[in-house]
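Below is one structure, written out as C-alpha cells, with a few remarks after it.
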Amino acid sequence: MKKITKFLSLLLIFVMGFVLFSCNEKTQEQETKTKEPTVQNPTEQVDTSKEATATPTETKDVTTDPTDLTDEELTDLTVRDYVGENGVVAAANPYAAKAGLDILKAGGNAFDAAVAVSFALGVVEPYASGVGGGGIMVAYDASKGEYVSYNFREFVPKLGTPSTFTNQGDDLYYGAKAPGVPTQVSGLITIEEERGVLTRQQVMAPAIDYALNGVTVTPALANQISSMINVVMMSRDEIKRVFLNEDYETLQPGETLVQKDYGHVLQLISEQGKAGFYQGEVAEAILAACGVEAGGIITQEDLNMAMNDFPRNATPLTGTYNGYDIVTANTPSSGGIILIEALNMLECYGDLKKLGHNSAEYINVVSTALQLAYGDKRKYIADQNFVNVPLSGLCSKLYAAKRWEKFVEGQAYLGRWQGDNDYGDPWPYCTTDVKVDYDYNYGDRDESYSTTSFSVADKEGNIVSVTQTINHFFGCGVVPHGCGFYMNNQLTSFSFTSTSAAYIQPLKQPVSHIMPTIIMKDGEPFATLGSPGSMRIPSAVTETVLNLIVFGMDIQEAIAAPRFYSYACASTDVASDAKDIYIENAVPVEVRDKLVAMGYNVMPGYDTGEDINLFFGGVQGIKFIYGSDGSVKLHGGADPRRDGKALGF
C-alpha cells in the first residue's frame with residue numbers, strides 16, 4: 001500500500017509537470033537500446049616509480065593514496081583538502097576529482113585532467129552542467145609560457161530573433177525554445193587536441209565508466225534531485241527512471257546513480273569526436289527535442305557552427321592587486337571585469353587587514369566595491385562581437401579611483417535610492433574603445449547558481465581553471481530522446497529591451513558572471529580558483545582572493561570562511577532606505593547588527609539554518625606553497641557548501 005501511495009503521489013506531480021511543459025515533444029519513440037562500450041582504464045599506463053607520496057596538510061591526515069580509496073572513503077567529505085607534489089584536482093564532486101587525478105597519474109597533463117573532470121562532472125552533477133551546456137577555461141600552458149582562454153559558451157540559435165519568443169521571458173526558462181546551442185563538447189575536444197598529451201578515449205574513460213556502471217549518490221546530488229523533482233518529472237519517462245529508485249522515491253544518499261543513455265552519448269563522442277555529438281543520432285535527437293518541429297529554434301546549421309567555429313580562443317583579462325597579477329575570464333563573461341574593477345577600488349581604499357576579517361566595516365568596504373562594479377556590469381558588459389564594451393575603461397585604476405569617490409565610511413551605498421546612478425562613466429578612461437550608449441538593464445536575467453567549477457595543476461607547471469554550466473538546475477528540463485543529458489536554458493541571460501547591451505540577437509553569446517581565475521606573484525603561480533553561484537560568483541571569488549592575499553589564509557580556510565553578497569540596487573530590494581545584503585549565518589550577530597545600523601537590510605540567502613550554504617557559491621581552488629629548499633607543493637581546497645573534494649599525489 002505504501003508503494004502504491006508513493007507512486008500515485010509522483011504520478012500526480014508528473015501530470016502537473018506535463019501540463020506545464022507542453023513545449024516538450026508530443027510523442028516519444030520506443031526507447032533506444034544502450035550500447036555497452038568497453039571502458040578503458042586510464043591508469044593502465046601509470047609508471048608507479050614516478051608516483052610521490054602525498055604530503056599531508058597540517059590539520060588533516062591525507063596520506064592515503066586517493067587512487068586506492070574505497071568508494072566509501074572517496075565520498076567521505078569530512079576531509080576536503082589535499083596537499084600534493086605532482087598534481088592536484090579540486091572539484092565540486094569527489095568522483096570528478098578522482099577522474100582528473102587518475103588521468104594525471106596515467107601521465108596526462110593538467111589539460112588532459114581538466115577534460116576528464118569536465119566530462120565526469122556532467123555525469124556526477126547532471127543537474128549543474130554537461131554536454132548540453134557550455135563553459136570557459138582560463139589556463140597557463142607551461143610548455144609555451146602563455147596564458148590561454150577557451151570560450152565555449154553557448155550561443156543564440158540563428159532563428160533566435162526577439163520576435164521568435166512570443167512569450168518573451170517565459171520562453172527562456174523551460175521548453176524547446178530555451179536552450180542556447182550547446183558548445184561544451186566542441187570546446188573540450190579542441191582543448192584535448194591542442195593541449196593534451198593523452199588520447200580522447202583515455203580522458204573520457206572515467207566519465208563513461210561513471211555513467212554506465214554508476215556512482216554513489218552524494219548528499220548534494222540527492223538534495224538537488226529532490227528539490228527539483230518538478231523539473232525531473234517534466235522530462236521523459238526514460239529519465240525519470242534514472243532519478244527514482246524502485247520505491248518511486250528520488251534517489252537517496254548512498255544509492256547508485258546509473259545513466260546508460262548518457263554513457264552511450266559519451267561513448268559516441270569518445271569514438272567519433274565532435275561528430276559523435278553534432279552529427280548522427282545525437283544531433284537528430286537534439287533537433288527532435290529542440291528543433292523547429294518540436295516548437296524550438298535549433299537547426300543543424302547551428303550544430304554545425306558549434307562543431308566548426310567553437311571554442312573561441314580569447315586573450316584572458318589581466319589586472320593587478322597589491323603586487324599580485326590577476327588573470328581571469330574576458331567577455332562574454334562579466335565576472336573577470338567585476339573582479340578587476342572591484343580590486344582596483346579596494347586598492348584605492350588601502351589597508352583592509354586593519355579592519356579585521358569580516359568585521360562590519362570590512363564587509364561594508366568590500367560590498368560597496370562589488371556593488372559599484374556590479375552596476376557597471378548591468379550597463380556595459382555583453383558579447384563584444386555585438387556590443388562595444390568599454391573594457392579598458394572598466395579595468396582602469398584611474399576609473400576605479402573615480403568610482404570609489406562614492407564610498408562613505410560606515411554607510412551603505414544606496415545608489416539610485418539616494419538619487420545617484422548605479423553605474424559610472426568609464427568611456428573617458430578608455431584607450432581604444434569607441435563610445436556607445438546603452439540603457440541600464442534594470443530587468444536583466446542572470447544565470448542560475450547551478451553552475452560548477454574546478455581547478456587542476458600539475459608538476460610541469462600547467463594550471464587550469466574551468467567554470468561550466470547548463471544554467472538553471474536541470475537546465476530547461478528537455479532531455480533529447482535516448483541521450484540522458486539535459487539541455488541548457490542559457491537564453492535567460494538575455495533582455496528583450498532593444499537598447500540594452502544584453503538584447504537578444506541571433507548567434508550572440510550570453511553575458512554571465514563566470515570567472516575562472518589564476519593569480520601570480522613575482523612571475524610564479526600563487527593560486528587558481530573559480531566558483532558557481534550566478535550573481536554571487538564575483539563575490540565568492542573576490543572574497544576568497546582577499547582571504548588568500550590580505551589575510552594569508554590557506555586555500556581551505558579561504559574557501560570555507562563565511563561570505564556575504566550585495567548586488568547593485570534593484571527593484572527587488574526590500575526597501576529604498578536600506579541596501580539589501582545577504583550574509584551567511586556564520587557571521588556573528590553583532591556584526592550583522594552593526595551593518596543594519598549602517599543602512600543595510602541583512603538577509604541570510606537560503607534560510608536553511610546552516611552556518612554556510614550553497615547560495616553563496618562553491619569555490620574550488622589550489623594554492624601553491626613554496627619551500628625554502630625550492631620545493632613546490634600544491635594545496636587543493638574544496639567548498640563544504642557543495643560536495644567539493646580535492647585529491648592529489
* Quick one: is SER493 touching a residue at least 24 places away in the same chain (Cβ under 8 Å), of a type in the set (Ser, Thr, Tyr), buried (at least 24 other Cβ atoms within 10 Å of the Cβ) and within 19 Å of LYS377 (Cβ to Cβ)? -> yes
* To do: Could you list, in sequence order, all residues of the range 528-563 that are of a type outside the set (S, T, N, Q), crowded, with 22+ Cβ neighbours inside 10 Å and not in a helix (DSSP H, G or I)?
  => LEU529, GLY530, PRO532, GLY533, ARG563
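Residues are listed down the side, and each one gets a yes or a no for (1) within 16 Å of LEU266 (Cβ to Cβ); (2) among the β-branched types (Val, Ile, Thr); (3) touching an Asp or Glu at 6+ places or on another chain (Cβ under 9 Å):
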| position | (1), (2), (3) |
| --- | --- |
| VAL185 | yes, yes, no |
| THR190 | no, yes, no |
| ARG195 | no, no, yes |
| VAL203 | yes, yes, yes |
| ILE208 | yes, yes, no |
| LEU212 | yes, no, yes |
| LEU221 | no, no, yes |
* Taking the condition over 21 Å from ILE559 (Cβ atoms) and touching a helix residue (DSSP H, G or I) at 6+ places or on another chain (Cβ under 7 Å), does ALA106 pass? -> yes
* Just one of ILE622, ILE581 is of a type in the set (A, V, I, L, M, F, W, C) and in contact with a Pro (Cβ under 9 Å, 6 or more places away or on another chain); which is it? -> ILE622
* Structure fact -> Among residues of the range 520-565 being within 20 Å of the chain's Cα centre (by Cα) and β-branched (Val, Ile, Thr), the residue nearest to ALA139 (Cα to Cα) is THR528
* Members of the range 621-649 found to be in a loop (DSSP other than H, G, I, E, B) and under 23 Å from LEU69 (Cβ atoms), listed by number -> ASP639, PRO640, ARG641, ARG642, ASP643, GLY644, PHE649
* Structure fact -> Residue pairs qualifying under the 6 Å Cβ cut-off, at least six apart or on distinct chains, with the first in the range 208-232 being on the phi > 0 side of the Ramachandran plot and the second being open to solvent by less than 30 Å² (accessible area, probe 1.4 Å), are GLY214/LEU257
* Structure fact -> Expected single match for over 30 Å from ASP209 (Cβ atoms), touching a residue at least 12 places away in the same chain (Cβ under 8 Å) and small (Gly, Ala, Ser) among GLY263, GLY273, GLY296 is GLY296
* Elements of type strands (runs of 3 or more DSSP E) contained in the range 276-377, each with 1 or more residues being open to solvent by less than 10 Å² (accessible area, probe 1.4 Å) and either under 24 Å from PRO157 (Cβ atoms) or of a type in the set (S, T, N, Q) (or both) -> 324-328
* Asked: Going through the range 613-635 one residue at a time, which ones are in contact with a Leu (Cβ under 7 Å, 6 or more places away or on another chain) and of a type in the set (D, E, K, R)?
  -> LYS623
* Could you tell me which residue of the range 378-397 is nearest to ASN601 (Cα to Cα), considering only residues that are assigned to a loop (DSSP other than H, G, I, E, B) and hydrophobic (A, V, I, L, M, F, W, C)? => ILE381
* Asked: Somewhere in the range 568-580, is a residue in contact (Cβ under 8 Å) with a residue 12 or more places away in the chain and closer than 23 Å to LEU172 by Cα?
  -> yes
* To do: Kindly establish whether LEU507 is in contact (Cβ under 8 Å) with a residue 60 or more places away in the chain and not in a loop (DSSP other than H, G, I, E, B).
  => no
* Structure fact -> How many residues of the range 378-402 are surrounded by fewer than 20 Cβ atoms within 10 Å (Cβ to Cβ) and closer than 14 Å to CYS430 by Cα? The answer is 5
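The values are calculated or read from the model by the stated rules, or taken from the named source; none is laboratory data. Keep in mind the model is a prediction, meaning the values are calculated, not measured. For neighbour counting, all protein chains shown are included, and Cβ atoms are generated from backbone atoms with ideal geometry for every residue, glycine included. Please note that ligands, DNA and RNA were not included when accessible areas were found on the heavy atoms of the full protein model with its side chains. Shrake-Rupley method; radii C 1.70, N 1.55, O 1.52, S 1.80 Å.
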